[in-house]
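Student: Mind looking over this structure? Questions follow.
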Amino acid sequence: MGLQMTSDIVEPEIERVRLSLAEENIIEQIRNYMLRIHDVLQELETVLDDLFKDKRESARARLVKVYENFRSIYSTQSALARYVAKVSISISNGHYYLSMIDTLNSLTSGIHRLLLSLGLLSSARTSLGENTMLSLDTIVKQFREHTSHICVTLRLLVENPAKIPSTASMMEKSFDNMLFTLRTLYLDSNRVSQDPLLMNLLALLSALAHNLYDIGEKTVWLYAMRAP
């Protein structure tokens, strides 16, 4: 009888730890994924710097390298999505992780389209203008910074959740900065030209900004559900 009671007490505890470790593993994999996205965005800053300096051949060469590196992210994306789909049924908040994976997929597809659009820009005969190029560089830099905030928040979710409210405030401010830059880009495009390439870039950048915002928000949701 005593042995049975001990088993009844210990086994649920083992199950609780197992589920917690599974959840933390998902969080760590998502964080590693976002770190790879961060690296791609950092490389794109260099591409835009080349375009700003009218070094188009250099920009195209860099884009080829970035694109090749980016292709490997798709296999990581598939593996991550399948893993989360498999373990989500055993986690109480599994549907939130599935929702985050959907947003990650949208983010990845958006960056893919951005790479293609920048490839077109590097081959275009016309220039978008100095102010527009500076704003493009600024928005990509803001994307990278926002991604850094997300990575920190994901790490804190496991290591020190009490610090998440401060990083959540930083993400809100970061998103406001992105919206301001996007508005500046939109106003510049109306003043200078209705270049189809620029309008397509604006649509892509706007979608990416909201994808990044959603990923950050969903990370904070996970904290809110865990918070006492």
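Student: Where the Cα atoms of the stretch 13-226 are projected onto their three principal axes, how long is each span, largest first, in whole Å?
Tutor: That works out to 65, 33, 23 Å along the principal axes.
Student: Then there is this: Ranked highest first by average number of other Cβ atoms within 10 Å, how do 65-76, 161-172 line up? Write out the running numbers ahead of the final one.
Tutor: Working: 65-76: 13.6, 161-172: 16.1.
Going from most to least packed, we get 161-172, 65-76.
Student: Going toward the positive end of the dipole of the chain, with +1 on Lys and Arg Cβ and -1 on Asp and Glu Cβ, which of 225, 175, 142 do you reach last?
Tutor: 142
Student: Which angle from 0 to 90°, rounded to the nearest 10, does the C-alpha axis of helix 56-87 make with the longest principal axis of the chain?
Tutor: So the helix axis and the longest Cα principal axis differ by about 20 degrees.
Student: Could you give the angle, 0 to 90 degrees to the nearest 10, between helix 164-192's Cα long axis and the longest principal axis of the Cα atoms of the chain?
Tutor: That works out to roughly 20 degrees.
Student: Largest first and in whole Å, give the semi-axes of the stretch 28-154's equivalent ellipsoid, each being the square root of 5 times a Cα gyration tensor eigenvalue.
Tutor: Working: eigenvalues 209, 42, 24 Å².
Over the Cα atoms of the stretch 28-154, the semi-axes work out to 32, 14, 11 Å.
Student: Rounded to the nearest 20 debye, what is the charge dipole size of the chain about its Cα centre when +1 sits on each Lys and Arg Cβ and -1 on each Asp and Glu Cβ? Intermediate results must be reported in sequence, preceding the final value.
Tutor: On the way: 24 positive and 26 negative charges, 101 e Å.
Charge dipole, the chain, about its Cα centre: 480 debye, nearest 20.
Student: If one takes the longest principal axis of the Cα atoms in the chain, at what angle in degrees, from 0 to 90 and to the nearest 10, does the Cα axis of helix 2-52 lie?
Tutor: Relative to the chain, helix 2-52 is tipped by roughly 10 degrees.
Read the figures in this text as sums done on the coordinates, not as results from a lab. Just so it is clear, the model here is predicted, and its values are computed rather than measured. Don't worry about glycine lacking a Cβ; one is built from the backbone with ideal geometry, like all the others, and counts go over all protein chains shown.
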